[in-house]
Amino acid sequence: MFSYLNGTVAELEPNLVVMDVGGVGFSCNASLNTVAKMKVGVSAKIYTYLNVREDALELFGFYDKDELESFRLLTSISGVGPKVALSILSAVTPSALALAVATGDEKPLLAASGVGKKVAGRIILELKDKIAKSTFDAGEITKGAYVPVASSADGEAAEALISLGYGRDEIGAALRGVDTSGMSVEDIIKLALARLMR
């Protein structure tokens, strides 16, 4: 129904951004990361998700499309509602979430309120599959179109980097000339991110 709101930030509270759009105030539930990027009285664009329940309409706002997509992926998991998804995105950024999923690291997820080991394990299990299906073609990885795939670790690292929004050419350039044999998935991702963020 709403793709985004473009207006002035009228109010900020923990987990809430009120956007003034043409004199109408829209209250958006938001992560702490989104709230931290907003400033009262300043023009901003916030991507939105409308959650329809029997007794209420809830609007959620996100500072960029990556956070919105992460929210959608999280809420597609059984047992993870909008409030828990927002709590997770308050504890980790979309890139940190993708890294946690790619490396199977539950610790960042357990830092979120309302997330126990069972839910964290389910998130990693289900998101790894969903991120893989939605962000890359396994056939292209095995062709080595953008990353030399010498091991499964290279492929998993590539999946995670693509889920963060990096293009095939960028990933290939970042890892060009790097001997990744013997490196863990996490180490490959960290190395690639360090080079991509220069």
Query raised in the report: open to solvent by 50 Å² or more (accessible area, probe 1.4 Å), hydroxyl-bearing (Ser, Thr, Tyr) and touching a residue at least 12 places away in the same chain (Cβ under 8 Å) - does that describe any residue in segment 79-91?
Result: no
Report task. With respect to Glu54, determine if the residue is among the charged types (D, E, K, R) and more than 11 Å from the chain's Cα centre (by Cα). Result -> yes
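Taking segment 17-34, which residues are touching a helix residue (DSSP H, G or I) at 6+ places or on another chain (Cβ under 8 Å) and at pLDDT 95 or above? Working first, answer last.
In the first step, residues of segment 17-34 are kept if they are touching a helix residue (DSSP H, G or I) at 6+ places or on another chain (Cβ under 8 Å); the result is 17, 29-34.
Result: Val17, Asn29, Ala30.
Yes/no per residue for (1) in a loop (DSSP other than H, G, I, E, B); (2) of a type in the set (Lys, Arg):
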site: Asn33; (1), (2): no, no
site: Lys45; (1), (2): no, yes
site: Leu50; (1), (2): no, no
site: Asp66; (1), (2): no, no
site: Ser70; (1), (2): no, no
site: Leu73; (1), (2): no, no
site: Ala112; (1), (2): yes, no
Requested in this report: Give the residues of segment 11-34 that are open to solvent by 80 Å² or more (accessible area, probe 1.4 Å) and under 16 Å from Ser87 (Cα atoms), sorted by residue number.
Outcome: Glu13, Pro14, Leu32
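Conditions tested, residue by residue: (1) open to solvent by 30 Å² or more (accessible area, probe 1.4 Å); (2) modelled with pLDDT of 80 or more.
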residue: Gly144; (1), (2): yes, no
residue: Ser152; (1), (2): yes, no
residue: Leu164; (1), (2): no, no
residue: Ile189; (1), (2): no, yes
Report summary line: Just one listed residue, out of Gly61, Gly81, is more than 28 Å from Gly155 (Cα to Cα) and under 15 Å from the mean Cα position of the chain (by Cα), and it is Gly61
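Answer yes if at least one residue in segment 35-45 is open to solvent by less than 10 Å² (accessible area, probe 1.4 Å) and either touching a helix residue (DSSP H, G or I) at 6+ places or on another chain (Cβ under 8 Å) or more than 24 Å from Ala91 (Cα to Cα) (or both), and no otherwise. Break it down stepwise before answering.
Narrowing segment 35-45 to residues open to solvent by less than 10 Å² (accessible area, probe 1.4 Å): none.
No, segment 35-45 contains no residue that is open to solvent by less than 10 Å² (accessible area, probe 1.4 Å) and either touching a helix residue (DSSP H, G or I) at 6+ places or on another chain (Cβ under 8 Å) or more than 24 Å from Ala91 (Cα to Cα) (or both).
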Report task. Return yes when Val115 is at pLDDT 85 or above and either more than 16 Å from the chain's Cα centre (by Cα) or open to solvent by 50 Å² or more (accessible area, probe 1.4 Å) (or both) and no when it is not. Result -> yes
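The values are calculated or read from the model by the stated rules, or taken from the named source; none is laboratory data. Fair warning: this is a prediction, and the values are worked out from it, not measured in the lab. Glycine also receives a Cβ, built like all others from the backbone with ideal geometry; neighbour counts cover every protein chain displayed. Accessible surface is based on the protein model in full, side chains and every heavy atom, while ligands, DNA and RNA are left aside. Shrake-Rupley method; radii C 1.70, N 1.55, O 1.52, S 1.80 Å.
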